[in-house]
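Visitor: Have a look at this one.
The values are calculated or read from the model by the stated rules, or taken from the named source; none is laboratory data. Source: prediction; values computed, not measured. Glycine also receives a Cβ, built like all others from the backbone with ideal geometry; neighbour counts cover every protein chain displayed. All accessible areas refer to the heavy atoms of the entire protein, side chains included, with ligands and DNA or RNA removed. Shrake-Rupley method; radii C 1.70, N 1.55, O 1.52, S 1.80 Å.
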Amino acid sequence: MKINFSLIAMVTAMVCVTGCTSTKKFNALYANYNKLQDRNSELTREGEECKSNLDRATVQISGLRDQLNAEREHVKSLQSALDKCLTSASQGNVNVSKLVDEINSSNKYIQELIASKNKSDSLNMVLTNNLTRSLSKDEMQDVDVQVLKGVVYISLSDNMLYKSGSYEISDKAGATLAKIAKIITDYKDYDVLIEGNTDNVPISKPNIRNNWDLSALRASSVVQALQNNYGVDPQRLTAGGRGEYNPVDSNDTPEGKTRNRRTQIIITPKLNQFMDLIGKGASTDSTGTH
C-alpha cells in the first residue's frame, strides 16, 4: 500500500493551525472574562457604597422632615390665632399688625433653621465620604462610620485601638487615628466627643478600679493622642466614659461583647451655632407674648 506523505503532512499542519487558533481565542476570551469579573466586582462595591449613602441621606431627610412639620404646626397655630384676632373687633388693627409681624418672624426663623440643617447635613455627608474613602478595607473592618440625626459617629473596635485589658493605644492604631485626625482638623466648625465603652466583664487592676475607669481612661488616651500626636486643637475635644452602661448588643455572646467594647468619636456642629438659632426662635416666641 502506498502512503501519500504529502496529504498526511497537510492534514497535520491544518490540525496544528486549528489548535493554535482555538487556544489563542480561548486565552483572549478568558482574559476578557477576568476583566469583566473585576469590573463587576468594582460596580458591586460602588453600588453598595451608593446604597449606604442613600440610607444615611434618607435618615437625615426624615429628621429634617419631622422638624419642618413641627415648625409648620407652629405656624398653623399662629395663623389660627390670627384668624381669631381678625374676627374680634375689640382687638383692633394694632394687634393684627403685631401678629402678622410674629408670623413673618417665625417664617424667617424656619427658613434659617432649614438652611442651617441643610448645610450641616451636606457637610456631614462630605465628611463621612472623605473619611470612608481614606480608610483601607482592613481598617474598615475595625471602623464603623454612621450619621444619625445630624451627628457623625465613628466607632472604633478596642482590639484595634488598645492593648488587651489596657488603655494604652497600640502601634497599629496610629495610621487610622492619623486619618481621622486629618478629617477633624479639616472640619474646624465641629466639636469632638471621645466616648469610651466596655462590655460587662469586671476588671480589677492596681490602677483601674472598674469599667468606669477603663472606659474613661481609654477615651482620655485617644484625646491625648489626637492632641499630642496629630495636632488637633484640645479646646475642641472632650473625653468621656460610659463604662458598660451604653451597650449596642447583648453581653451574653462573645460577638456582642466585642461590639460593646468600642470607642466612639462623635463629631457634632459647634453648640454655639445652634444656640444662636435657638436664641432667634426664643426671641420670636417672646414677641408673641407681649
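Visitor: Which residue is farthest from the chain's Cα centre (by Cα), if the candidates are limited to the range 138-152 and must be closer than 22 Å to Arg261 by Cβ and loosely packed, with under 14 Cβ neighbours inside 10 Å? I'd like the intermediate steps shown before the answer.
Guide: Step one: of the range 138-152, the residues closer than 22 Å to Arg261 by Cβ are 138-146, 148, 151-152.
Keeping just the survivors that are loosely packed, with under 14 Cβ neighbours inside 10 Å gives 138, 140-141, 148.
Numbers: Asp138: 18, Met140: 13, Gln141: 15, Leu148: 7 Å.
Checking each candidate, the answer is Asp138.
Visitor: Oh, and also: Anything in the range 232-252 that is open to solvent by 60 Å² or more (accessible area, probe 1.4 Å) and in a loop (DSSP other than H, G, I, E, B)? List them, or say none.
Guide: Once the filter is applied, which keeps residues that are open to solvent by 60 Å² or more (accessible area, probe 1.4 Å) and in a loop (DSSP other than H, G, I, E, B), the range 232-252 yields Asp233, Arg242, Tyr245, Pro247, Val248, Asp249, Asp252.
Visitor: While we're looking at this one, here's another question. Go through the range 142-202 and tell me which strands (runs of 3 or more DSSP E), entirely inside it, have 3 or more residues that are farther than 17 Å from Gln227 by Cα. So that I can check it myself, show each step before the final result.
Guide: Working: elements: 143-148, 151-157, 190-197.
The strands (runs of 3 or more DSSP E) meeting that bar are 143-148, 151-157.
Visitor: Quick one: would you say Leu161 is free of Cβ contacts under 8 Å to residues at least 60 places away in the same chain, aliphatic (A, V, I, L, M) and open to solvent by less than 40 Å² (accessible area, probe 1.4 Å)?
Guide: Numbers: free of Cβ contacts under 8 Å to residues at least 60 places away in the same chain: no; aliphatic (A, V, I, L, M): yes; open to solvent by less than 40 Å² (accessible area, probe 1.4 Å): yes.
Against the criterion (free of Cβ contacts under 8 Å to residues at least 60 places away in the same chain, aliphatic (A, V, I, L, M) and open to solvent by less than 40 Å² (accessible area, probe 1.4 Å)), Leu161 does not qualify.
Visitor: Which condition from (1) open to solvent by 30 Å² or more (accessible area, probe 1.4 Å); (2) farther than 21 Å from Leu131 by Cβ; (3) in contact with an Asp or Glu (Cβ under 6 Å, 6 or more places away or on another chain) is the one that Gly256 breaks?
Guide: Condition not satisfied by Gly256: (1).
Visitor: Of the numbered conditions (1) of a type in the set (A, V, I, L, M, F, W, C); (2) open to solvent by 60 Å² or more (accessible area, probe 1.4 Å); (3) farther than 23 Å from Asn251 by Cβ, Ala225 satisfies every one except a single condition; which is it?
Guide: The single condition Ala225 does not satisfy is (2).
Visitor: Separate question: Out of Thr289, Thr258, report the one residue that is modelled with pLDDT under 95 and either among the basic types (Lys, Arg) or within 22 Å of the chain's Cα centre (by Cα) (or both). First the steps, then the outcome.
Guide: Values: Thr289 fails: either among the basic types (Lys, Arg) or within 22 Å of the chain's Cα centre (by Cα) (or both).
Just one listed residue meets the conditions, Thr258.
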